[in-house]
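Nothing in this text is a laboratory measurement; each read-out follows from the coordinates by a stated rule. Bear in mind that the values here come from a model prediction, so they are computed numbers and not experimental data. Virtual Cβ from ideal backbone geometry, glycine too; neighbours counted across all protein chains shown.
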Amino acid sequence: MALVIGLTGGIASGKSTVSNMLKEMNIPVIDADVIAREVVEPGEKAYEQIVEAFGEEILAVDKTLNRVKLGSIIFADEQKRTILNGIVHPAVRQSMLSQKEKLIEANEPLVVLDIPLLFESNLTHLVDKVLLVYVDESVQLDRLMKRNDLSEQEAMNRIASQMKLIEKVSLADAVINNNGSVEETKQQLLSVLAFLDK
Ligand SMILES: CC(C)(COP(=O)(O)OP(=O)(O)OC[C@H]1O[C@@H](n2cnc3c(N)ncnc32)[C@H](O)[C@@H]1O)[C@@H](O)C(=O)NCCC(=O)NCCS
Ligand SMILES: Nc1ncnc2c1ncn2[C@@H]1O[C@H](COP(=O)(O)OP(=O)(O)OP(=O)(O)O)[C@@H](O)[C@H]1O
């Protein structure tokens, strides 16, 4: 029986950092953010729906989505975010589910689903255990502003578009505290994997 772990957290909390460690251990990771990019490529159904809903002004010159522009719209406006989610999320869910089934059929003992909005979108039924990558909000804000080159207000809008990380702690089966160094996070990951496998 495969164990399916849901890896979640908040924006810039360190999910990719942890998922890269898992990949280095040859553990398969299905990444919702990667799939969310694939399903909005030109020619895909979700791409057409987004252009219809948001207009050609959210396209770059090469006709791909201008993600910076779309992000600045949807993180500042809950209604527009709900519209985008309604277009993208069903396609992401379907693809994740079929990738998960394929890995289980291939007898992988451990499969990880990296889903930032696991709790917000009520997707816990897709996984056996939930692993949360937690950081304090001040660390999250700081890392997000630096990584995405955002103003404090823009970064705060993005954090506010998700459930607070502190509220996710009590919903998770295990928590990694990523306030410290990357090496400290790796040590926590190793202990958590041994614990979740029991
Ligand atoms: C708005 C978009 C174009 C911005 O693209 P960008 O390349 O700047 O960010 P990226 O996709 O890498 O997402 C970074 C992080 O933002 C957060 N985030 C993204 N979308 C959302 C959302 N709709 N609600 C809350 N948080 C979100 C997640 O923590 C995610 O890990 C893009 O995030 C998007 O299409 N979002 C809608 C789909 C979605 O919900 N994706 C998240 C997981 S399915
Ligand atoms: N322990 C750490 N110490 C210092 N910087 C870190 C640490 N962990 C992650 N970072 C940095 O913080 C930023 C966010 O980390 P990461 O991209 O892994 O988060 P994420 O949860 O995958 O974000 P998102 O879902 O928004 O893409 C990155 O720039 C990363 O290099």
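Which value, in debye to the nearest 20, gives the size of the charge dipole of the range 3-196 about its Cα centre, when Lys and Arg are +1 and Asp and Glu are -1 at the Cβ?
On the way: 20 positive and 29 negative charges, 31 e Å.
It comes to approximately 160 debye.
So if each residue of separation counts as 0.36 nm, and I subtract the Cα-Cα distance between Asp173 and Glu48, what length gain in nm does that give?
On the way: separation 125, 0.36 × 125 = 45.00 nm, distance 3.85 nm.
Full extension from Asp173 to Glu48 adds 41.2 nm.
Which of the helices in the chain, when you take each full DSSP H run, stretch at least 20 Å along the axis at their Cα atoms and have an average Kyte-Doolittle score of 0.5 or higher?
TM-like helix candidates: 182-196.
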- [ ] With N set to the residue count of the range 43-198, report its C-alpha Rg divided by 2.2 N^0.38 Å to two decimal places.
- [x] 1.19
Open item on the list: Please give the charge dipole size of the range 47-86, origin at the Cα centre, charges +1 on K and R Cβ atoms and -1 on D and E Cβ atoms. Round to the nearest 20 debye.
Closed with: 160
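Using 1/(1 + (r/R0)^6) with R0 = 45 angstrom and r between the beta carbons of Ile27 and Glu56, what's the FRET efficiency to the nearest 0.05?
Computed FRET efficiency for Ile27 and Glu56 comes out at 0.65.
Which of Lys45/Lys146; Lys80/Lys198; Lys100/Lys168; Lys63/Lys168; Lys63/Lys186 have a Cα-Cα distance over 31 Å?
Lys45/Lys146; Lys80/Lys198; Lys63/Lys168; Lys63/Lys186
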Open item on the list: I'd like the trypsin sites (Lys or Arg not before Pro) in the range 97-171 restricted to DSSP loop residues with at most 16 other Cβ atoms within 10 Å, sorted by number.
Closed with: Lys164
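At 222 nm, what value in deg cm²/dmol follows for the chain if DSSP H runs of at least 4 each add -39500 (n - 2.57) and the sum is divided by all its residues, to the nearest 500? Intermediate results must be reported in sequence, preceding the final value.
On the way: 9 runs with 104 residues, N = 198.
Calculated mean residue ellipticity at 222 nm is -16000 deg cm²/dmol.
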